[in-house]
Amino acid sequence: MSLNTKNLARFQSLIALVILCIVLSCLSDKFLTVDNGWNVMRQISVNICIAVGMTLVVLTSGIDLSVGSVLALCGAITAGLLKNGVDVPSGDLYIGFTLFGAIMAGLLTGSAVGAFNGFTITRFKVPPFVATLAMLTIARGLTLLYTKGFPISVLGDHFDFIGTGWFLGIPVPVWISAIVVLGAVVLTNKTQLGRYIYAIGGNENAARLSGIKISKVKITVYALAGALAAVGGLLVTSRLDSAQPNAGISYELDAIAAVVIGGTSLSGGKGTIWGTVLGAVIIGVLNNGLVLLNVSPFWQQVVKGAVILLAVIIDKASSKNE
Amino acid sequence: MRRIIILLLLLIAATGCHNKNVEAKAKKVAVIVSTLNNPWFVFLAQTAAAQAQSLGYETKIFDSQNNTATETDNFENAIAAGYSAILFNPTDANGSVVNVNKAKTAGVPVFCMDREVNSVTGPTSQILSDSYSGCVDLGKYFVQQMHKKGKYVEILGIVADNNTWNRSKGFHSVVDYYPGLQMVAQQSADFDRNKGMEVMESILQAHPDIDGVFCGNDAMAMGAYQALAAAGKANKVKVMGFDGAEDAIQGIKEGKILATAMQFPKVMAQTAANYADEYFKGKRDFPKKIQVGVEVVTQKNISDYIAYGKK
């Protein structure tokens, strides 16, 4: 029985992760503890949410560079609505928002921005790289406009549960990222939309000829990526009890790194959600381990880059061998 | 598609017309700021612009996005657009010198705010915040509060930013003389609150027994505090920041943060705008450099301060 590419990629990242963990636990006795395990899981929950959305986009042979800015925008909108509501133009009235309302507004904003990305990409044939690069700037600018450049802090007693609470002995952010992962696994493996996503990434023309509505699928996928960036924004804002206007800068790079390390092909059509999860765990463990060992911040950047490069080289080499 | 192109052309034509008509009577003052992705610099830039505006000048804020090359573009655009003075917060002490000289050659005076450029002749005047000596004072207070012994952690800002190292060096110029104070970790959190919290969470795993944390800005100090609070160590560990941001001032009031260093962006920005005004009125003999003091804010004197300044 031979392994197919999907399984092989998953296998490799798993081996890499195991080796990384063994090395780190030899170097630091603080690494392999339950406490630190929760720590890492909680820290990677944001990247997992973003990276799952990124995987869907990359599977269609696209890319979404705007996720970090969208995260900041949605976090700011949720925080702003929760704290200040919306002013009514005339009079001293304002519309207050409940926790649920503010969260929904954040998620809707994320989906809307994502859908807009998908719209410019499909309707005007703007390359995804360019369309989402433009959105990276636009969403950051909108965040600065909305927050006027200052953090929105102290958001009330219940909101912090999302980022810092525990449920059945497991941190809430870990529950949320687990739900996101399971949802995406079902989506990619069990649904029609999932099959369409792989088909478009594999061969867009063939997919079009076989009657798949490319625009509809792509807009849905970018909207999902936007919504998942919003979930990330919710987690970050809740953890800090504060929406920072500069939140999420360069988060898109961590997400893309997770996708690539997880073995998803940047040319689309090949890859899995589980691979991305492993990729995100590897990056999270690396971040955590390098700090535990007090490695110089200069070296940390070199090491992280080298790991990404190595992962892709191994991936390329092994897919040739097949 | 053709309709869109025509629309775009019309738009360009319209804006072109508009530009020609701007033969402004009032002089224009440009505010070129290193970044707008940090509340402190937003405050600096907005205060400078507001002050220049209240003196009767048209103003515009240019964002250099922490990039000296973008800053060069901003200077060229500001000079080309006919701005008569530049209130300038540089991205880099050495890299920005070229830009300042370019303005000087064009006859546009430059007034530096907060950060220095390494040039005596270029800027008309520099109104600077002394991060280094501010951190010397913070270091002294830290030593005193720690009773000269204990384990501490330093959380650095962006490691490619010279402010990061000015602050770190000022702090260490004092603290390193006390062998009882042991730095068990030195990590970067990019001036970011979320990263400050994550780095602190990880450090706490390796060193659960620390007594103090020195952070390169207030956002990271707030993040570090949240990690400590979540680990139930907030009462045991002394956290210090730098900037005088709103959250930290509130944090000191509530006893969450031990101390921060207050810079005075309002004073610097308003002085720079006033200088530009005086320059237009004929004054030329400006002090080359003014150091605006940085003051240590603690629970004892917190009642004198508000965010980014004195009451």
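Just so you know, all these numbers are worked out from the coordinates, no wet-lab data involved. Keep in mind the model is a prediction, meaning the values are calculated, not measured. Every residue, glycine as well, gets a Cβ built from its backbone with ideal geometry; the counts of neighbours run over all protein chains shown.
Results, tabulated for the structure shown:
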| read-out | value |
| --- | --- |
| Entries in A:Lys213/A:Lys316; B:Lys151/B:Lys310; A:Lys148/B:Lys266 that, when Cα-Cα distance is taken, lie over 24 Å | A:Lys213/A:Lys316; B:Lys151/B:Lys310 |
| Paramagnetic label zone (point 7 Å from Cα along Cα-to-C-beta, B:Lys148; backbone N under 20 Å) in region B:162-183 | B:171-183 |
| Helix-derived mean residue ellipticity, 222 nm - over chain B, DSSP H n ≥ 4, -39500 (n - 2.57), to 500 | -14500 deg cm²/dmol |
| For chain B: relative contact order, % (alpha-carbon pairs under 8 angstrom, 6 or more apart) | 17 |
| Overall Cα dimensions of region A:164-218, principal axis frame, Å, largest first | 50, 18, 15 |
| Cα convex hull of region B:146-289 - mean projected area over all directions, nm² | 10.4 |
| Exposed-loop-free span, longest in chain A, where trypsin sites (Lys or Arg not before Pro) count as exposed if DSSP calls them loop and at most 16 other C-beta atoms lie within 10 Å | A:1-124 |
| Estimated inter-spin distance, B:Lys102 and A:Ile313, nm [label 7 Å along Cα→Cβ] | 3.9 |
| Antiparallel DSSP beta bridges within the protein assembly as shown, percent to nearest 5 | 25 |
| At q = 0.13, 0.14, 0.23, 0.25 Å⁻¹, base-10 log of I(q)/I(0) for region B:224-270 (Debye sum, equal scatterers on each alpha carbon) | -0.33, -0.37, -0.78, -0.87 |
| Out-of-range pairs (alpha-carbon distance over 30 Å; input B:Lys149/B:Lys311; B:Lys148/B:Lys289; A:Lys190/A:Lys218; B:Lys27/B:Lys311; A:Lys190/A:Lys216; B:Lys169/B:Lys236) | B:Lys149/B:Lys311; B:Lys148/B:Lys289; B:Lys27/B:Lys311 |
| Amide proton proximity set for B:Phe62, modelled H, under 5 Å, gap of 5+ | B:Val31, B:Ile32, B:Val33 |
| Shape parameters for region B:99-177, alpha-carbon atoms, Rg then Dmax in Å | 17.1, 55 |
| Over region A:16-118, relative contact order from alpha-carbon pairs under 8 Å, at least 6 apart, % | 17 |
| Over region A:107-205, equivalent-ellipsoid semi-axes from the Cα gyration tensor in Å | 31, 25, 8 |
| Global form of the protein assembly as shown, assessed from the alpha-carbon gyration tensor, a/c cut-off 1.5 | oblate |
| GluC sites (Glu not before Pro), loop per DSSP, at most 11 other Cβ atoms within 10 Å - longest free stretch of chain B | B:24-253 |
| Cα gyration tensor shape for region A:62-157, rounded if a/c is under 1.5, else prolate or oblate | prolate |
| Signed unit charges on C-beta, dipole axis of region B:171-311, positive-most listed residue B:Asn301, B:Ala224, B:Phe191 | B:Asn301 |
| Radius, Kirkwood style, for chain B when every pair of distinct Cα atoms is counted (Å) | 20.8 |
| Ranked A:Asp92, B:Asp130, A:Asp254, criterion: other C-beta atoms within 10 Å, fewest first | A:Asp92, B:Asp130, A:Asp254 |
| Loop-located trypsin sites (Lys or Arg not before Pro) in region B:118-226, at most 15 other Cβ atoms within 10 Å (DSSP) | B:Lys148, B:Lys149 |
| Around B:Ser119: net Lys/Arg minus Asp/Glu count, Cβ-Cβ under 14 Å | +3 |
| Amide proton proximity set for B:Thr260, modelled H, under 5 Å, gap of 5+ | B:Gly241, B:Val297 |
| Unit charges on C-beta of K, R, D, E only; dipole of the protein assembly as shown, Debye | 1220 |
| Per-residue HN-Hα couplings for region A:285-292 [Karplus 6.51, -1.76, 1.60; θ = phi - 60°; Hz; x = Gly/Pro] | 5, 5, 4, 5, x, 5, 6, 4 |
| For B:Lys289, distant residues with modelled amide H under 5 Å away | B:Gln126 |
| Computed label-point distance, nm, for sites A:Leu108 and A:Thr137 using a 7 Å Cα→Cβ extension | 3.0 |
| Antiparallel DSSP beta bridges within chain B, as percent of all bridges there, nearest 5 | 15 |
| Using θ = phi - 60° and Karplus 6.51 cos²θ - 1.76 cosθ + 1.60, couplings along region A:106-116 (whole Hz; Gly, Pro as x) | x, 5, 5, 4, x, 4, 5, 4, x, 4, 4 |
| Cβ charges +1 (Lys, Arg) and -1 (Asp, Glu), total dipole of region A:5-321, debye | 1160 |
| Mean ellipticity per residue at 222 nm, deg cm²/dmol - from DSSP H runs of n ≥ 4 across chain A, formula -39500 (n - 2.57) | -24500 deg cm²/dmol |
| Separation of the B:Gln53 and A:Leu32 label points, Cα + 7 Å toward Cβ, nm | 6.1 |
| Cα-Cα P(r), region B:26-123, percent of pairs per 5 Å interval | 3, 15, 28, 27, 19, 7, 1 |
| 18 Å Cα-Cα reach of A:Lys83 towards aspartates and glutamates, excluding residues that sit fewer than 8 places from it in its own chain | A:Asp92, A:Asp157, A:Asp160, A:Asp241, B:Glu246, B:Asp247 |
| From phi via Karplus (6.51, -1.76, 1.60), per-residue ³J(HN,Hα) for region B:306-311 in Hz, x at Gly/Pro | 10, 4, 6, x, 8, 5 |
| Translational diffusion coefficient (Stokes-Einstein; Kirkwood radius from C-alpha pairs) of region A:5-321 at 20 °C, 1.002 mPa s, in µm²/s | 107 |
| Number of partner chain Cβ atoms within 10 Å, mean per residue of A:33-41 | 3 |
